[in-house]
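The values are calculated or read from the model by the stated rules, or taken from the named source; none is laboratory data. Worth saying up front: this structure is predicted, and the values here are computed from it rather than measured. Quick reminder, even Gly has a Cβ in these numbers, built from the backbone with ideal geometry, and neighbours come from all protein chains shown. Remember, those area values only see protein heavy atoms, side chains included, never the ligands or the DNA or RNA. Shrake-Rupley method; radii C 1.70, N 1.55, O 1.52, S 1.80 Å.
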Amino acid sequence: PQTMSPKLPSRPLRVATFGGLWAIVGVILYATYQTDACPPEVKNREAIQAGLLAPLFLSANVSACLRGFPGELAAGLGFLSAYVVLAMVLLRSRTMTRFVMASVFLAVLSGLGLWGTFYSYSHSGG
């Protein structure tokens with residue numbers, strides 16, 4: 001009788017999942033910043049920066065949703081901290097359950113950040 005050991009997430013799978021989530025959000029941010037009303041050369045540079053530095057831009061946009069409220073800075077720092085913690089859990093996960101949960105929570109957090117991006121754009125007048 002053979003015993004089946006639980007399948008562990010491989011390092012390439014963990015890295016590819018994290019990179020894939022970052023890339024998806026980066027492409028969405030790039031496209032969002034490309035539609036901004038800046039001069040073309042500035043628009044393209046900002047769009048590339050937003051795509052490459054996705055977690056920082058998501059954090060800033062979540063914070064921008066609370067402009068004028070006392071928790072503005074805390075929301076941005078909390079978002080960024082949560083992103084870093086979830087990324088570390090995902091990249092260091094040794095069980096499939098932890099890997100899946102970290103992936104789902106990171107995707108949800110990224111979706112929240114994208115919502116913050118769209119919300120801050122639609123309510124900022126620019």
_Please return the ranges of helices (runs of 4 or more DSSP H) entirely within segment 10-72 where 3 or more residues are open to solvent by less than 50 Å² (accessible area, probe 1.4 Å) and touching a residue at least 24 places away in the same chain (Cβ under 8 Å)._
11-34, 54-64
*Would you mention how many residues in segment 93-126 are within 18 Å of LEU13 (Cα to Cα) and either without any contact (Cβ under 8 Å) to a residue 24 or more places away in the chain or of a type in the set (Asp, Glu) (or both)?*
7
*Among the residues of segment 93-103, is any open to solvent by less than 70 Å² (accessible area, probe 1.4 Å) and basic (Lys, Arg)?*
no
*Identify the residue in segment 73-83 that is of a type in the set (A, V, I, L, M, F, W, C) and under 18 Å from LEU114 (Cβ atoms) and, among all such residues, is surrounded by the most Cβ atoms within 10 Å (Cβ to Cβ).*
PHE79
*So LEU90, is it under 11 Å from the mean Cα position of the chain (by Cα), surrounded by 16 or more Cβ atoms within 10 Å (Cβ to Cβ) and not in a loop (DSSP other than H, G, I, E, B)*: no
_Answer from VAL100, VAL62, VAL85 - the residue that is of a type in the set (Val, Ile, Thr) and within 22 Å of HIS123 (Cα to Cα)_ = VAL62
